[in-house]
């Protein structure tokens, strides 16, 4: 019974994604181009790569174009079987060793040059990106010493913004959590102020597993303040020579606030919230406190 509860909780937090949903990730060109560019740039020729949470194996495929060996870890048996089939259809798929295992406990049999992990969700909720990378670093240092591999992503930047959200659907009022594609912002959501940074997470360093904000947001126009927009920008790689970054942005998370209010330009509001990385969306939503200064 206890194991069944754990599995159900994992499903709730996005750890088990049915295979047909992986098409949406394969069809997300911005996501794939970003990770492909980062892997092309960072994987050394003839190097060794670890892919944590491999899914269909597409990131392992990108890595294998330069790497001599890719360890590709996935906990869903059907995905491991499907990935094996797909990789054999593609160039250098034989360089990928698929492992049916748990990314939260797996350690490669040799040191690796690059670790890629794409368990990313808006505001770093639901999926276990932060927890898995932090735990991996502890295991890796214990076996292979303090010199860590390069991580993709390199960093995640989290910000929050006051907005008006149109929660009316053909007259049906439904203020609920929503997602906004970054590539095609919805006219339903109107910015009321400049986004405020609340955390920069650098994967190469040790980092907290809890995020919080206790600060002020300022409006830059008159309007109706009824929601917060959570922005999640992932720095996949940094090109020092060109002074540019390779980025990927998760969908914006829109969360209603419990006390909507009409606002004027240049009003300030105290905003408080806190949540654990990988926790549920309601855990963040229920922690939000908004008040006029």
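The values are calculated or read from the model by the stated rules, or taken from the named source; none is laboratory data. The structure displayed is predicted, hence computed values, not measured ones. Positions of Cβ are generated from backbone atoms using ideal geometry, with glycine treated the same way; all protein chains shown enter the neighbour counts.
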Boolean, residue 245 is under 26 Å from residue 174 (Cα atoms) and either without any contact (Cβ under 8 Å) to a residue 40 or more places away in the chain or surrounded by 14 or more Cβ atoms within 10 Å (Cβ to Cβ) (or both): no
Residue satisfying condition, being in contact with a helix residue (DSSP H, G or I) (Cβ under 8 Å, 6 or more places away or on another chain), assigned by TED's automatic domain parsing to the domain that holds residue 25 and within 29 Å of residue 178 (Cβ to Cβ), within set 88, 79, 98: 79
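Quick grid of which residues meet (1) in contact with a helix residue (DSSP H, G or I) (Cβ under 6 Å, 6 or more places away or on another chain); (2) on the phi > 0 side of the Ramachandran plot; (3) assigned by TED's automatic domain parsing to the domain that holds residue 214:
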| position | (1), (2), (3) |
| --- | --- |
| 114 | yes, no, no |
| 136 | no, no, no |
| 139 | no, no, no |
| 147 | no, no, no |
| 150 | yes, no, no |
| 166 | no, no, yes |
| 169 | no, no, yes |
Flag if residue 292 is under 19 Å from residue 210 (Cα atoms) and surrounded by fewer than 19 Cβ atoms within 10 Å (Cβ to Cβ): no
Residue match in the stretch 140-151 (condition: modelled with pLDDT of 95 or more, assigned to a helix (DSSP H, G or I) and buried (at least 20 other Cβ atoms within 10 Å of the Cβ)): yes
Residues (without any contact (Cβ under 8 Å) to a residue 40 or more places away in the chain and part of a loop (DSSP other than H, G, I, E, B)) located in the stretch 68-89: 68, 88, 89
Residues located in the stretch 87-103, provided they are closer than 28 Å to residue 130 by Cα and surrounded by fewer than 17 Cβ atoms within 10 Å (Cβ to Cβ): 97, 100, 101, 102
